[in-house]
Amino acid sequence: AQSVSQHNHHVILSEAASLELGCNYSYGGTVNLFWYVQYPGQHLQLLLKYFSGDPLVKGIKGFEAEFIKSKFSFNLRKPSVQWSDTAEYFCAVKDAGNNRKLIWGLGTSLAVNP
Amino acid sequence: GAGVSQTPSNKVTEKGKYVELRCDPISGHTALYWYRQSLGQGPEFLIYFQGTGAADDSGLPNDRFFAVRPEGSVSTLKIQRTERGDSAVYLCASSPRTSGELFFGEGSRLTVL
């Protein structure tokens, strides 16, 4: 069965620090990969997605993620975080062959101290 | 509207009562999903519609939960004989047929006392 693992459950950083959140998935086929963000009191929003092509994907607000197929990973990065990046971050995976359900990680809570 | 709309935003009910949660997806989106999210957890899949039919309802926890989408647009999630364990935020998302990207609503927070 497909599963998604996010290694860091809680991360605390100071402003301007670099961020990397790990995401690994288990699935043998072709996948679509997503990172969603949920700011406090708001709904889930798409940060970035990978369907095919360049494995380095750039998203909104300076975030990027790299798909490494051999490692089944899709880690999220940002070179310099801001206080406004404080949020919950979710990695999700979908079988590229159909439009069915996403499989979600448990999420990583990021707190950025000013 | 421009985004996915869910009503009510908050619902407090007593154990044993019946509850309906409504989702109005983005116009033209053929796929509609219901998830629920508990504190500190990722979204838990409930059911997925493609058009009017439920393409995958494997996530519905038991037969107290039911969802409909009679005209392929608005969907209603129905929960009978609510239990305290049903308390969660119920999320609706819609997606264009070929995209796979989900657009989420604000959620309906259900509290069962």
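Annotation: amide H-H contacts under 5 Å for A:Ala17 (H modelled 1.01 Å from N, sequence separation of 5 or more, or interchain): A:Val81.
In summary, region B:5-49 shows an alpha-carbon radius of gyration equal to 1.35 times the 2.2 N^0.38 Å reference for compact globular proteins. Computed from the Cβ-Cβ distance with R0 of 22 Å, the FRET efficiency linking B:Asp57 to B:Glu20 stands at 0.80.
Can you tell me the order of B:76-83, A:13-20 when each peptide is scored by its average per-residue count of other Cβ atoms within 10 angstrom, highest first?
Put in order of decreasing packing, that is B:76-83, A:13-20.
Take each residue in A:88-95, count the other chain C-beta atoms within 10 Å of its C-beta, and the mean is 2.
Remark: C-alpha extents of the protein assembly as shown on the principal axes read 49, 39, 35 Å, sorted largest to smallest.
Ordering B:Cys92, B:Gln50, B:Ile26 by Cα displacement along the dipole of chain B toward the positive end leaves B:Cys92 in first place; charges were set at the Cβ atoms of Lys, Arg (+1) and Asp, Glu (-1).
Report the Rg/Rh value for region B:17-93, based on alpha-carbon coordinates and the Kirkwood definition of Rh.
Over the Cα atoms of region B:17-93, Rg/Rh equals 0.95.
Enclosing the Cα atoms of chain A in their convex hull gives a volume equal to 98 cubic angstrom per residue. Full extension of the segment from B:Gln41 to B:Thr111, taken as 0.36 nm per residue of separation minus the current Cα-Cα distance, would add 23.5 nm. Sorting B:Asp56, B:Asp63 by the number of Cβ atoms found within 10 Å of their own Cβ, with the fewest placed first, yields B:Asp63, B:Asp56. For region A:53-114, the extents of the C-alpha atoms along the principal axes are 43, 24, 20 Å, listed from largest to smallest. Take each residue of peptide A:31-42, count the partner chain Cβ atoms within 10 Å of its Cβ, and average: the result is 2. Peptides A:29-40, A:83-94, ordered by how many other C-beta atoms sit within 10 Å of their residues on average, highest first, read A:83-94, A:29-40. One chain, two ends: A:His10 and A:Glu64. Fully extended at 0.36 nm per residue, the span grows by 17.5 nm beyond their Cα-Cα distance.
A short reminder: the numbers here are calculations on the coordinates, not readings from a lab. Everything quoted here is computed from the prediction, not taken from an experiment. Positions of Cβ are backbone-derived with ideal geometry, glycine not excepted, and every protein chain shown enters the neighbour counts.
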